[in-house]
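One structure below.
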Amino acid sequence: MHVIVTGGSSGIGLAIAKLYATRGDRVSLLARHPGRLEQARAEIISLSGIDSARVQIASVDVASADQTTAAIEICEASFGPCDILIASAGIVEPRAFDAMSASIFEEQISINFLGTANAVRSVYRGMKARRSGRIMMISSGAALVGIFGYTAYCASKSALVGFAEALSAEAEAFGVRISICFPPDTLTPQYRREISMRPAEAKILMGSVKPWSAEAVAARIVRGLEQGKAKIHFGFSLAALAYFGPLIKPPLMWFISRKTRKIIGQEATESLADVTDRGFDHGK
């Protein structure tokens, strides 16, 4: 079996790739940075029983449709048609919308949403012709509820929900199974960078939940694929949001709004006090 993983150089993508590699499957890792890809491949082939000839890498920016198609064509030429696609490539840059440049907003949309669509497009026609194949889109718990400072990220991950549902309607008759999952905060290199930038307002909703390990998230995704699940959730809170969002979100958003206004009010008071202090210092 040939498994292609975008965003395979670290985090959830790499953890999933390791699981399939240990089963003897052929694994292709796609990501932007050649050095990280080399390191990821070295990690995989260092595992017990792994045949290094069954793990390959390709450096590609999934935001580019042409690059993605070319890279996946090369991977399929070496390892055969793609049986499973794991679309895991993604980025997050948390900050308030009016403090976010257009380029940072667009990059998150381009990689998280369009990058997934580009990878899917590159394998879908072949899967449809063979009437066989599985596609897993890695969304996020952030697709289930709006989060302060995550306008671009929430938008990009929410868009995957509609994409997955619509594509599933087209693909089902041809034997191609489309799935989507909604991981929680996960201990990855990206998470460690993100958490240092996370606004205080976002921590009201996100800060009290213990992050999952990448290995635990990967194991649930692979198991869900084997069970033919269309949607995979993680933990009680995110599952409740997914199934009972219309009931849960109004009081939840009211609570968060109150807390957010309080934080913003405190920040405004502290800012005014700082300006006043500096004014007095200047007068001295």
> Got a sec? Which helices (runs of 4 or more DSSP H) wholly within the stretch 156-252 have at least 1 residues that are β-branched (V, I, T) and over 24 Å from E107 (Cβ atoms)?
Replying inline: 200-206, 214-226
>> Looking at the stretch 134-145, can you tell me whether even one residue there is of a type in the set (D, E, K, R) and surrounded by fewer than 24 Cβ atoms within 10 Å (Cβ to Cβ)?
In response: yes
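Confirm whether I84 is under 26 Å from M253 (Cβ atoms), among the β-branched types (V, I, T), touching a residue at least 60 places away in the same chain (Cβ under 8 Å) and crowded, with 20+ Cβ neighbours inside 10 Å.
no
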> Can you tell me which residue in the stretch 218-242 is nearest to the chain's Cα centre (by Cα), limited to those that are closer than 19 Å to A17 by Cβ and surrounded by fewer than 16 Cβ atoms within 10 Å (Cβ to Cβ)?
Replying inline: A219
> How about the stretch 198-234: which of its residues are more than 27 Å from A166 (Cα to Cα), at pLDDT 85 or above and not charged (D, E, K, R)?
Replying inline: P211, W212, S213, A214, A216
>> Cβ-Cβ under 8 Å, sequence separation 6+ or interchain: first residue in the stretch 146-166 and free of Cβ contacts under 8 Å to residues at least 12 places away in the same chain, partner surrounded by fewer than 21 Cβ atoms within 10 Å (Cβ to Cβ) and of a type in the set (S, T, N, Q). Which pairs?
In response: none
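Mind checking which residues of the stretch 108-136 are among the β-branched types (V, I, T), part of a helix (DSSP H, G or I) and over 21 Å from R95 (Cβ atoms)? If you could, list the steps in order and put the result at the bottom.
Keep residues of the stretch 108-136 that are among the β-branched types (V, I, T), which gives 109, 111, 116, 120, 123, 135.
Next, only the ones that are part of a helix (DSSP H, G or I) stay: 109, 111, 116, 120, 123.
Result: T116, V120, V123.
The values are calculated or read from the model by the stated rules, or taken from the named source; none is laboratory data. Just so we're clear, the structure is a prediction, and the values are computed from it rather than from any experiment. Using ideal geometry, Cβ is built from the backbone for each residue, glycine included, and neighbour counts are taken over all protein chains shown.
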